[in-house]
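Notes follow once the structure below has been shown.
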Amino acid sequence: MPQKMDIVICRSTAKMSETMDAERPTLPGKPSAVKDEPSTQYNMSERLTHEEVMTYLKGQLSDVLTQDPLLSDLPSDVTPEEVNLKIALEHGQAMTVFVRKADGEVLPIVVMQSATVRDLKNAIRRYMTLQLQRKNCSKKVSWRYIWRTYWLSYSGEKLASDKKRLKDYGVQNRAEVSYVKRLRRKGQGY
């Protein structure tokens, strides 16, 4: 039988607790969880809605991101994967590959040291999708078309095999990879 888990949030000021009390009345027959101490605790199952908890946690996460020198350059709506890759990058387990698009825009893509060409393509896709979401853009990208139309290239060599590791092509940390237009041979389709 699953157990009910109580989540407790500590508030640091009495003023915040007064605000929370004004917003949410106590349940009938239940003692108030608010205390007149500097650290106030709320039993979330009785006191806060899901939206209130998410708003509070996003604010706390935003505070942590702005105060931490390692994570300060991450966006406020960061994903767990972005945090993990940033930490791996600091520990030398990941590398940044700068991908130059055909229009000249450069994308800083973080992948693990043991990444394959397929992993790099997936990281580019994930990066672009997050960028579009953060800009509230409803534009859709056909990645099938992109990879059918362009090669990724490093130092003039096409990264043709998706299963081959980036290290096998000589790609290292802070290397620049670029999109190169695929040329079709006469009489052949894609």
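The values are calculated or read from the model by the stated rules, or taken from the named source; none is laboratory data. Since we're looking at a predicted model, the values are computed, not measured. Here the Cβ is made from the backbone with ideal geometry for all residues, glycine too, and neighbour counts use every protein chain on show. Heads up: the accessible areas ignore ligands, DNA and RNA and are worked out on the full protein's heavy atoms, side chains in. Shrake-Rupley method; radii C 1.70, N 1.55, O 1.52, S 1.80 Å.
Structure notes:
- Any hit, segment 111-125, residues being more than 29 Å from Val64 (Cβ to Cβ), modelled with pLDDT under 95 and not hydroxyl-bearing (Ser, Thr, Tyr): no
- Residue match in segment 130-143 (condition: on the phi > 0 side of the Ramachandran plot and at pLDDT below 95): yes
- Residue within segment 98-108 that is modelled with pLDDT of 80 or more, among the β-branched types (Val, Ile, Thr) and open to solvent by less than 90 Å² (accessible area, probe 1.4 Å) present: yes
- Residue ID - modelled with the lowest pLDDT, chosen from residues in segment 144-190 that are under 21 Å from Gly104 (Cα atoms), more than 24 Å from the chain's Cα centre (by Cα) and open to solvent by 80 Å² or more (accessible area, probe 1.4 Å): Leu183
- Residue check, Leu70 modelled with pLDDT of 90 or more and surrounded by 12 or more Cβ atoms within 10 Å (Cβ to Cβ): no
- Any hit, segment 170-179, residues being free of Cβ contacts under 8 Å to residues at least 60 places away in the same chain and under 20 Å from Met95 (Cα atoms): yes
- Single residue of segment 115-143 satisfying the filter (within 19 Å of Leu74 (Cβ to Cβ) and among the β-branched types (Val, Ile, Thr)) that is least open to solvent (accessible area, probe 1.4 Å): Ile124
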